[in-house]
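K.L.:
I have a structure I would like to understand better, so I am pasting it below and will then ask my questions one at a time.
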Amino acid sequence: MADQLLVVIRYVVFGVFLLAVVLAVLSWLVRARRISPFSAVGRAMRQMTDPLLHPVERLVVRRGGNPVAAGWWLVILVAVIGVLVVSLAQWLVDAYQEILSATQLGPRAVVAVIVNVVYYILIAALFIRVIGSWLGVFRYTFWMRPMYWLTDWIVEPIRRILPSMGQFDFSPFVAWILLLALRAFVIQVVL
């Protein structure tokens, strides 16, 4: 059942990617004037592509890019999000199967699996927090709030103790080491 769900998710992601490629090609044909934007075909193509490409085009123009390339940025965005969705689905299925197999081994195995799942969620949130800060996306962005909420309890005390290293912030790295040690300690105590 879970494997079938993963196959469906992969096909849906691939279908959305192909749709983004088709939209990018159609948009490029009209915007690069390969097809006249004033012809009936050009207008029909613009009516199909513009609702999906306008938000991407606004972002590209704000960042100083060429609006003709908005379709290709949409393809890149869909590819990255698709890889993330498939990876997350694979991780969730693996975690579910691991929890099911741990229930057969007893309560200690279940606790060890839960500790591992929580550890990987915290590490993913820490990683996304660091990458987001490199890209200029910080605490008050809607999708970054959960990452900060999950990791502030360990990063902020370390940041207060650890001296500043100029523009480098080593507190997430130290938090990762502490989480690794905490996970090993809890698993050692449980098992």
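K.L.:
Give me the Å³ per residue figure for the convex hull around the C-alpha atoms of the chain.
P.N.:
135
K.L.:
Write down the accessible area per residue of region 131-191 in Å², having rolled a 1.4 Å probe over the full set of protein chains.
P.N.:
Ligands and nucleic acids excluded, the result is 76 Å² per residue.
K.L.:
How much FRET efficiency would the formula 1/(1 + (r/R0)^6) give for LEU84 and LEU18, where r is the Cβ-Cβ distance and R0 is 25 Å, rounded to 0.05?
P.N.:
0.90
K.L.:
Across bins of 5 angstrom width beginning at 0, how are the C-alpha pair distances of region 54-160 distributed, in whole percent?
P.N.:
Answer for region 54-160: a P(r) of 2, 10, 12, 16, 16, 13, 12, 8, 5, 3, 2, 1 percent.
K.L.:
Farthest toward the dipole's positive end in region 34-191, which of LEU88, TRP73, VAL61, given Cβ charges of +1 (Lys, Arg) and -1 (Asp, Glu) about the Cα centre?
P.N.:
Comparing the listed Cα positions along the dipole, VAL61 ranks first.
K.L.:
Still on this structure: State to the nearest 20 debye the size of the charge dipole of region 79-191 about its Cα centre, where the only charges are +1 on K and R beta carbons and -1 on D and E beta carbons.
P.N.:
The dipole magnitude comes to about 200 debye.
K.L.:
In whole Å, what is the distance between the alpha-carbon centres of region 83-102 and region 21-41?
P.N.:
Computed from Cα coordinates, the inter-centre distance equals 41 Å.
K.L.:
Could you give the size of the charge dipole of region 38-136 about its Cα centre, using +1 on the Cβ of each K and R and -1 on the Cβ of each D and E, expressed in debye and rounded to the nearest 20?
P.N.:
Dipole size: approximately 360 debye.
K.L.:
Calculate the dipole size of the chain relative to its Cα centre from +1 charges on Lys and Arg beta carbons and -1 charges on Asp and Glu beta carbons; express the result in debye to the nearest 20.
P.N.:
740
K.L.:
Oh, and also: Under 1.5 on a/c is rounded, so check that first for region 150-191, then, if it is not, pick prolate when a/b is larger than b/c and oblate when it is not; a ≥ b ≥ c are the square roots of the alpha carbon gyration tensor eigenvalues.
P.N.:
The shape class here is prolate.
K.L.:
For the chain, what % of the accessible area comes from carbon and sulfur atoms, probe 1.4 Å?
P.N.:
73
The values are calculated or read from the model by the stated rules, or taken from the named source; none is laboratory data. In this text the structure is predicted, and so the values were computed from the model without any measurement. Backbone-built Cβ (ideal geometry, glycine too); neighbour counts: all protein chains shown. The accessibility values were calculated without ligands, DNA or RNA, using every heavy atom of the protein model including side chains. Shrake-Rupley method; radii C 1.70, N 1.55, O 1.52, S 1.80 Å.
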